[in-house]
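Following: one structure in structure tokens, then a few remarks.
The values are calculated or read from the model by the stated rules, or taken from the named source; none is laboratory data. Predicted model, so just to flag it, every value in this text is computed and none were measured. Backbone-built Cβ (ideal geometry, glycine too); neighbour counts: all protein chains shown.
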Amino acid sequence: MNFEIYFTKEEMCDFLKKEGYTIETIKTWKSYSTYHNQVGETLHNVEVAYFEKFDVFNRVDGAYRDLSVEQFKVEKVFKDVLKKKLLNL
């Protein structure tokens, strides 16, 4: 059985802050293939949540590699924390 609830980004951030997480916006980069075997990169901002400062593995030119911060993204952390709280009732 699937159960779906929708939360806004602000609601997720508020909940995580109450749980003791730090919310921060960081710059990430992602590589992608373009035509003729060339590689392009895009930069974008991502909100992350963490208890302790996460390591800077794959940090290049002031930005983190997108895949290295996937586990710290607000949506992922919120889902994990909420699921853990609901199952431990």
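A few comments on the model shown:
- Boolean, Met12 is touching a residue at least 40 places away in the same chain (Cβ under 8 Å) and of a type in the set (A, V, I, L, M): yes
- Within segment 18-29, the set of residues being among the charged types (D, E, K, R), within 16 Å of Asp80 (Cβ to Cβ) and free of Cβ contacts under 8 Å to residues at least 60 places away in the same chain comprises Lys18 only.
- Remark: pairs (first residue in segment 30-51, closer than 15 Å to Val69 by Cβ; second residue hydrophobic (A, V, I, L, M, F, W, C) and surrounded by fewer than 11 Cβ atoms within 10 Å (Cβ to Cβ); Cβ separation under 7 Å; 6+ apart in sequence or on different chains) = Ser31/Val39.
- Within segment 5-42, being outside any loop (DSSP other than H, G, I, E, B), more than 17 Å from Phe72 (Cα to Cα) and touching a strand residue (DSSP E or B) at 6+ places or on another chain (Cβ under 8 Å) holds for Ser31, Tyr32, Ser33, Val39, Gly40, Glu41, Thr42.
- Some residue of segment 44-64 being at pLDDT 90 or above, on the phi < 0 side of the Ramachandran plot, over 12 Å from the mean Cα position of the chain (by Cα) and surrounded by 14 or more Cβ atoms within 10 Å (Cβ to Cβ): no
- Given (1) at pLDDT below 80; (2) of a type in the set (S, T, N, Q); (3) surrounded by 14 or more Cβ atoms within 10 Å (Cβ to Cβ), number of the condition Thr34 does not satisfy: (3)
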